[in-house]
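A quick write-up on the structure given underneath.
The values are calculated or read from the model by the stated rules, or taken from the named source; none is laboratory data. Here the structure is a predicted model, which means the values were calculated and not measured. Methodologically, a virtual Cβ is constructed for each residue, glycine included, from the backbone with ideal geometry; neighbour enumeration extends over all protein chains shown. The protein model used for the area step is the full one, side chains on, heavy atoms only, and it has no ligands, DNA or RNA in it. Shrake-Rupley method; radii C 1.70, N 1.55, O 1.52, S 1.80 Å.
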Amino acid sequence: MDTSPDIQNEKKKLFDAAVTDWWREMQPASEREGQPNRRGELAELKRCKTLAEIVLVPRFQILRRKLQAAGYGNLPACAAIGGVLAHVETHNGEHAFAARLAQPKSQGNTPRVSELRFRRLLKAKSHDELFIDLVRILPLADHTAPVAQLAYDIYYWGDQTRRKWTFDYYDALDESS
């Protein structure tokens, strides 16, 4: 397999497009003139409590096929992406997701997600655990995230991603204090 930077960049673009297109298709029809209403499908995904339940949802299968076509076939990671993105209501590509978690709430200067809760999130060992933790944390981030980057980080959840999130979180925490 060729892992040259050009090939990797092209593969990442395909990933980003697949995830972003699928997420946009899931948004309420009022935001997408002339497109079918997918509120029921979105609600079905939001009700899922496990990755095994997500895999059974027909709308997830569309995401899975898009990701497989882009060269990303890790089923647990894809299911976690589908489950988490169902809870993202607003795309914000300005900040890394971990940096958003460190931003202060509207009043005061305490971060949206405490350091203790953030460290617990970083301890997630599997995509099952990560899915549950992220779904619980998203309301604290006002259901806002950089869609493609969050999905990519979920797909490649591991020590390198944890390290990146740690730097993003603490750098943002320092900037806000």
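Taking mean projected area of the Cα convex hull in nm² as calculated from this structure, the corresponding entry among (1) 10.5; (2) 8.9; (3) 11.0 is (3).
Please label the shape of the range 104-177 as rounded, prolate or oblate, based on the square roots a ≥ b ≥ c of the eigenvalues of the alpha-carbon gyration tensor (a/c under 1.5 means rounded; beyond that, a/b larger than b/c means prolate, else oblate). Judged from the Cα gyration tensor, the range 104-177 comes out prolate (a/c at least 1.5, a/b above b/c).
Considering only Cα-Cα distances, which of the following residue pairs are longer than 21 Å: Lys49/Lys105; Lys12/Lys66; Lys49/Lys125? Too far apart for the 21 Å limit: Lys49/Lys105.
By the rule of a C-alpha distance below 16 Å, with chain neighbours fewer than 8 residues away ignored, the lysines paired with Lys123 are Lys164. Computed about its Cα centre, the charge dipole of the chain is approximately 560 debye, with only Lys, Arg, Asp and Glu carrying charge at their Cβ.
Rounded to the nearest percent, how much of the accessible area of the chain (1.4 Å probe, protein heavy atoms only) is carbon and sulfur?
Numbers: 4760 of 9430 Å².
Of the solvent-accessible surface of the chain, carbon and sulfur hold 50 percent.
An oblate overall shape is assigned to the range 5-96, the ratio a/c of its alpha-carbon gyration tensor axes (a ≥ b ≥ c) being 1.5 or greater and a/b not exceeding b/c. Using heavy atoms of the protein chains and a probe of 1.4 Å, the accessible area assigned to Glu41 is about 60 Å². Taking the charge dipole of the chain about its Cα centre, with +1 at Lys and Arg Cβ atoms and -1 at Asp and Glu Cβ atoms, the residue from Leu56, Trp165, Trp22 reaching farthest to the positive side is Leu56.
With R₀ set to 25 Å, the beta-carbon distance separating Arg117 from Arg39 gives a calculated FRET efficiency near 0.25.
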